């Protein structure tokens, strides 16, 4: 297994994995339930710079030359900035502004992470490779990135109806710190404190690797 930064050319393999992770939130954001269209929209956002699903924030795990899993991560303090291009994109897909207010904004404006947390936004593994330890390897890789960028804690959200994921994160040292709701979908907010410098990294978005 090899973990590396994503490239724009990875879009075709990465987009379905992002969709697998975010599920019905993608249907709401993109105003469609058609898988092909959702993958197309995710591909466009992935290939741009500094959207929250940009290749810039994605690490991929390669197994046998194929992408077996992905992790999207970034500092909590950049979320508002990287949500702006996503919101602009979503506005082009919804004809009525009230739909943006009722469906999209409750997702993009939710408080997912604190400014001093390194946030694991998305973790997805190819369903045919779930027993290969890819998820655990990616989580540990993100923890190392958090340390490298000067963070003393990393956080993530896990759906309340996903006990297997909850147990995995708990086993890796994450503790439940409360609940976050993204448009009627409830998540456990989990945080892990890391043995690193406890000062907040004020890196510019363009500097996060």
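At-a-glance table
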quantity: Residues of region 44-53 that turn out to be over 21 Å from residue 143 (Cβ atoms) and buried (at least 18 other Cβ atoms within 10 Å of the Cβ), as a count; calculated: 4
quantity: Odd one out for residue 61, checked against (1) surrounded by fewer than 21 Cβ atoms within 10 Å (Cβ to Cβ); (2) closer than 17 Å to residue 145 by Cβ; calculated: (1)
quantity: Residue match in region 4-24 (condition: touching a helix residue (DSSP H, G or I) at 6+ places or on another chain (Cβ under 7 Å) and under 19 Å from residue 80 (Cα atoms)); calculated: no
quantity: Candidates 178, 135 - the one that is more than 15 Å from residue 22 (Cβ to Cβ), touching a residue at least 40 places away in the same chain (Cβ under 8 Å) and touching a strand residue (DSSP E or B) at 6+ places or on another chain (Cβ under 8 Å); calculated: 135
quantity: Of all residues in region 145-161 being surrounded by 19 or more Cβ atoms within 10 Å (Cβ to Cβ) and without any contact (Cβ under 8 Å) to a residue 40 or more places away in the chain, the one that is farthest from the chain's Cα centre (by Cα); calculated: 158
quantity: Output for region 4-20, where each listed residue is buried (at least 19 other Cβ atoms within 10 Å of the Cβ), touching a strand residue (DSSP E or B) at 6+ places or on another chain (Cβ under 9 Å) and touching a residue at least 40 places away in the same chain (Cβ under 8 Å); calculated: 6, 10, 14, 17, 18
quantity: Breaking point among (1) modelled with pLDDT under 95; (2) surrounded by 13 or more Cβ atoms within 10 Å (Cβ to Cβ), for residue 92; calculated: (2)
quantity: Qualifying positions in region 109-132 - in a helix (DSSP H, G or I), surrounded by fewer than 18 Cβ atoms within 10 Å (Cβ to Cβ) and in contact with a strand residue (DSSP E or B) (Cβ under 9 Å, 6 or more places away or on another chain); calculated: 128
quantity: Test: residue in region 70-83 that is in contact with a helix residue (DSSP H, G or I) (Cβ under 7 Å, 6 or more places away or on another chain), surrounded by fewer than 16 Cβ atoms within 10 Å (Cβ to Cβ) and either modelled with pLDDT of 95 or more or more than 16 Å from residue 182 (Cα to Cα) (or both); calculated: yes
quantity: Count - residues of region 50-65 that are touching a helix residue (DSSP H, G or I) at 6+ places or on another chain (Cβ under 8 Å) and without any contact (Cβ under 8 Å) to a residue 60 or more places away in the chain; calculated: 5
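The values are calculated or read from the model by the stated rules, or taken from the named source; none is laboratory data. Bear in mind the structure is a predicted one, so any value in this text is a computation, not a measurement. Please note: Cβ atoms are built from the backbone with ideal geometry, for glycine as well, and neighbour counts cover all protein chains shown.
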